[in-house]
Each structure stands twice: as structure tokens, then as C-alpha cells.
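**Q** Structure in C-alpha cells, see below.
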Amino acid sequence: MIYLDYTVAKIKNSAKKVFFDKGFNGARIHEIANEADVSQSLLHYYFRTKEHLFKIIIDDSIDLIIKNMSPILEKELNFYELIDQFIYNILILVKENKRLLSFIINEYNQNFDKIRSELKPIFNFFKEFEYQIRIQAQKEKIKINDTKHFIANIISLCGWQVIGINIFNLEISSDKDSETFNISAVRKNIYESIIRYLENK
């Protein structure tokens with residue numbers, strides 16, 4: 001049992017690396033087997049096909065995103081707290097899983113039909129999050145013409161931080177005294193930019 005668990009975990013970790021590097025279309029079973037240092041026949045024994053293994057990696061990736069983001073909806077937060085917490089959770093997700101979002105976006109663009117059903121939890125989260133933003137904005141008498149675009153703009157601002165991290169090969173840090181990419185400062189800057197935008201509308 002221990003050997004089986006170890007072998008399965010090793011294959012999954014190797015598949016994750018290859019899929020993250022090359023996507024579903026570019027990945028090859030023999031590359032995953034070589035990365036895991038197992039035979040292709042053993043890989044097929046445990047996971048049958050590349051499609052089946054890919055689905056497992058996608059499901060694990062989606063679960064990780066939802067696990068990170070869903071607590072926002074479990075708290076009673078006002079409009080400003082929702083925005084701040086959303087920014088923080090995205091940045092934490094990036095900190096702990098730098099390549100995860102790039103992988104999901106790439107597969108969304110190239111293989112949407114293949115992963116449509118797996119993406120449903122993310123769609124459901126954003127549907128509920130959009131609803132909470134709309135309700136809380138009304139309570140604060142904040143006018144947002146299109147909440148979907150508003151949320152997309154927040155994600156874009158956070159996304160540029162990801163691009164900056166990759167360009168400058170930085171690490172995200174929670175330590176304000178660190179010379180690495182400071183998550184607290186980035187969170188504050190993005191939040192204040194959004195609030196200034198709302199105040200100047």
C-alpha cells in the first residue's frame with residue numbers, strides 16, 4: 001500500500017510538471033513516465049490514458065483554487081472587506097502556486113470543451129462572489145455599472161503582479177523587511193488603486 005501510494009503520487013507530481021510545462025496538447029505519456037521514472041505500462045496501469053491523468057491534474061488544480069477562494073464567501077464581509085480579502089487570496093494563491101493560474105488559463109484557451117465541466121466550481125464561485133459584491137456595493141451606495149467587469153479588472157491588476165514576478169524572477173514574501181516581492185505592499189497598492197477609482201467615478 002505504501003509503495004502504491006508513493007508510485008501514484010510520484011506519477012501525479014510528474015504529470016503536473018509536464019502538463020504545466022507543455023499543456024495537454026504538448027504533453028506526451030512517455031515524457032510523464034520518464035519524469036516519474038516508471039514504465040509507460042505501469043503509468044497506464046494506474047491512470048489508463050493521458051486524458052484520464054490530465055483530468056485528475058485539472059481537478060486537483062481547481063480544488064486548490066476553490067479551497068483558497070471559497071472562504072471569502074463563508075465570512076460576513078462588507079464591500080471593502082470583500083475587495084481586500086479577494087486581492088489577498090489571489091496573491092496568496094500565486095505565492096504558493098506560481099504556475100497554477102497560467103496553466104488553467106492556457107488550458108481554458110486551448111481546451112475549453114475538454115475542461116468545461118471541471119471549471120464549473122470556479123464559475124459558481126464567481127457567480128456568488130459577483131452577487132455579494134453587488135449587494136454590498138448597494139449597501140455602501142457605491143455605483144458599479146458592471147460587476148463582472150469590475151471583478152475582472154481586479155483580477156487583471158493582480159495578474160500584472162504575476163507577470164512582474166515572472167519577468168523579474170522574484171519570490172513573493174509576507175515579510176515587510178524582505179527584499180523579495182512584498183505581498184502586503186502589493187495588496188495595499190492594488191486595494192488603494194481600486195478605491196481611488198471608485199471615489200473618482
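Where a number appears in this text, it was derived from the coordinates with a stated rule and is not lab data. Quantities reported herein were computed from a predicted structural model and do not represent experimental measurements. Please note: Cβ atoms are built from the backbone with ideal geometry, for glycine as well, and neighbour counts cover all protein chains shown.
**Q** Net charge around Ile135, counting only other residues with Cβ within less than 12 Å of its Cβ (Lys, Arg = +1; Asp, Glu = -1)? Spell out each step's value before the answer.
**A** Values: positive: Arg134, Lys139; negative: Glu76, Glu128, Glu130, Glu140.
Neighbour charge sum, excluding Ile135 itself: -2.
**Q** Read phi for every residue in the range 122-132 and hand back ³J(HN,Hα) as whole Hz from Karplus 6.51 cos²θ - 1.76 cosθ + 1.60, θ = phi - 60°, with x for Gly and Pro.
**A** Working through the residues one at a time gives 5, 4, 5, 4, 5, 5, 6, 5, 4, 4, 5 Hz.
**Q** Please list, in order along the range 106-116, the HN-Hα scalar couplings obtained from phi with the Karplus expression 6.51 cos²θ - 1.76 cosθ + 1.60 (θ = phi - 60°), rounded to whole Hz, x for Gly and Pro.
**A** 4, 6, 4, 6, 9, 9, 4, 4, 6, 10, 3
**Q** Only loop residues by DSSP count here, and only those with at most 15 other Cβ atoms within 10 Å; note down the GluC sites (Glu not before Pro) in the range 11-80 that meet that. Let's see the in-between values first.
**A** Working: sites: Glu31, Glu35, Glu51, Glu74, Glu76; in loops: Glu76.
Hits after loop and neighbour filter: Glu76.
**Q** List every residue whose amide H lies under 5 Å from the amide H of Asn182, counting only residues 5 or more places away in sequence or on a different chain, with H placed 1.01 Å from N in the peptide plane.
**A** Ser173
**Q** Quick one: Kirkwood hydrodynamic radius for the range 58-199, alpha-carbon pairs, angstrom, one decimal?
**A** Here the Kirkwood hydrodynamic radius works out to 16.1 Å.
**Q** So what's the net charge close to Phe112: Lys and Arg +1, Asp and Glu -1, counting the other residues with Cβ under 14 Å from its Cβ? Show your work: numbers first, answer last.
**A** Details: positive: Lys114, Arg116, Lys120; negative: Glu107, Asp113, Glu118.
Once positives and negatives cancel, what remains is 0.
**Q** Among the GluC sites (Glu not before Pro) within the range 116-149, which fall in a DSSP loop and have no more than 12 other Cβ atoms within 10 Å of their own Cβ? Display every interim value, and only then the final one.
**A** Details: sites: Glu118, Glu128, Glu130, Glu140; in loops: Glu118, Glu140.
Passing sites in the range 116-149 are Glu140.
**Q** Please work out how much length the chain gains when fully extended from Asp37 to Lys67, using 0.36 nm per residue of separation minus the C-alpha to C-alpha distance, in nm with one decimal.
**A** Result: 7.7 nm gained on full extension.
**Q** For every helix of n ≥ 4 consecutive DSSP H residues, a contribution of -39,500 (n - 2.57) applies; sum these over the chain, divide by its total residues, and give [θ] at 222 nm rounded to the nearest 500 deg cm²/dmol. Before the final figure, lay out each step's value.
**A** Numbers: 11 runs with 157 residues, N = 201.
When only DSSP H runs of four or more count, the value is -25500 deg cm²/dmol.
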